[in-house]
Amino acid sequence: MSRELRDEQELVPGYEGIAEFFDLFANNTDIPFYVRYAKKQGSPVLDIAAGSGRVAFPLAQEGFRVTALEKSPSMLTEMRRRLPRLPKDAADRVNIVEADMSDFSIGRKYRLIIIPGSFAHAMSTDKQLSTLKCVRKHLASDGLFILDLHVGALLPEDLKFEEPKATLPDGRTVIRSGVIHTDMVRQIMRVDLKYTVIHASEGYSEDKREIEVTSGAAVIFNREADLLIRMAGLAIEDQLGGFDGRPYTPECDRRILLLRSH
């Protein structure tokens, strides 16, 4: 796989063909955090870049009405495939909307809006500001917006990794490995991922399939984020350094911002 960084317009989120496997490698420690704030704010909740429903579905199961906004065709297909597996009352509380997070209009206000870790998929400054303005337009007067950011200055410049094997309900196993390359000057991160899917049935030879995808993300520095937030008409109420509620310090590689309308 070539790891040369291309223009940000070419580096789109690489979810097509791997949505079924993506959540196997997710760190779900953020879910109790979002449930806790949903209990403080109440319904309705808007989950932006909802993926296959990783956060939206647990919120619905906790009794909240959730709009799950997603652009990726692969993720939307997987979310719709999984939705009927929920208890009917929870499934009825989920509204799936196909839209780009930088340009959407739903026609209602939300008491809680979240973007769990995906804001950097808005690759340009214009798209980042447009996303925040869309959020501001949909935020209720007493609403809370939780923006989860990876701190740009602490992102790895080059990293190779392989994650522990995961198992699907049908017995297939999946291994995910990848290479990350970050251009701090152009503020672009490229992630090349390889999913190795293995199906081994008793009495049959092992069937192995490899799927490779490339994804991009913007590198967003703190002062830049602060300026975008102000330009969008939002204000920082608090900032945390992790989903355990620790205060944010310059050593934290995660910056979780609690925002209100200015």
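Tabulated data
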quantity: Some residue of the stretch 199-213 being touching a strand residue (DSSP E or B) at 6+ places or on another chain (Cβ under 9 Å), without any contact (Cβ under 8 Å) to a residue 40 or more places away in the chain and surrounded by 14 or more Cβ atoms within 10 Å (Cβ to Cβ); calculated: yes
quantity: Those residues of the stretch 115-130 which are buried (at least 22 other Cβ atoms within 10 Å of the Cβ), polar (S, T, N, Q) and either without any contact (Cβ under 8 Å) to a residue 60 or more places away in the chain or over 8 Å from SER102 (Cα atoms) (or both), in sequence order; calculated: none
quantity: Residues (small (Gly, Ala, Ser) and under 20 Å from LYS40 (Cβ atoms)) located in the stretch 231-259; calculated: ALA235, GLY241, GLY242, GLY245
quantity: Unmet requirement for ASP92, which otherwise passes all of (1) within 13 Å of the chain's Cα centre (by Cα); (2) over 27 Å from ASP244 (Cβ atoms); calculated: (1)
quantity: ASP100, sole failed condition from (1) buried (at least 19 other Cβ atoms within 10 Å of the Cβ); (2) among the acidic types (Asp, Glu); (3) closer than 18 Å to LEU147 by Cβ; calculated: (1)
quantity: Members of the stretch 117-175 that are under 30 Å from GLN187 (Cβ atoms), among the acidic types (Asp, Glu) and not assigned by TED's automatic domain parsing to the domain that holds SER102; calculated: GLU157, ASP158, GLU162, GLU163
quantity: Considering residues of the stretch 132-185 that are small (Gly, Ala, Ser) and in contact with a strand residue (DSSP E or B) (Cβ under 9 Å, 6 or more places away or on another chain) only, the residue farthest from LEU46 (Cα to Cα); calculated: GLY171
quantity: Members of the stretch 61-104 that are among the aliphatic types (A, V, I, L, M), out of contact with any His (no Cβ under 8 Å at 6 or more places or on another chain) and within 28 Å of GLN128 (Cβ to Cβ); calculated: VAL66, ALA68, LEU69, MET75, LEU76, MET79, VAL94, ILE96, VAL97, ALA99
quantity: Residue within the stretch 140-155 that is more than 25 Å from PHE33 (Cβ to Cβ), among the aliphatic types (A, V, I, L, M) and surrounded by 12 or more Cβ atoms within 10 Å (Cβ to Cβ) present; calculated: no
quantity: Contacts under 9 angstrom Cβ, first residue in the stretch 166-177 being among the acidic types (Asp, Glu), partner assigned to a strand (DSSP E or B), 6 or more apart; calculated: ASP170/HIS199
quantity: Residue selected from the stretch 35-45 under the condition of a type in the set (A, V, I, L, M) and either within 13 Å of the chain's Cα centre (by Cα) or assigned to a helix (DSSP H, G or I) (or both), by the criterion surrounded by the most Cβ atoms within 10 Å (Cβ to Cβ); calculated: ALA38
quantity: The stretch 24-34: number of residues that are surrounded by fewer than 18 Cβ atoms within 10 Å (Cβ to Cβ) and without any contact (Cβ under 8 Å) to a residue 60 or more places away in the chain; calculated: 3
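The values are calculated or read from the model by the stated rules, or taken from the named source; none is laboratory data. Treat the numbers as computed from the prediction; the structure is a model and nothing was measured. Please note: Cβ atoms are built from the backbone with ideal geometry, for glycine as well, and neighbour counts cover all protein chains shown.
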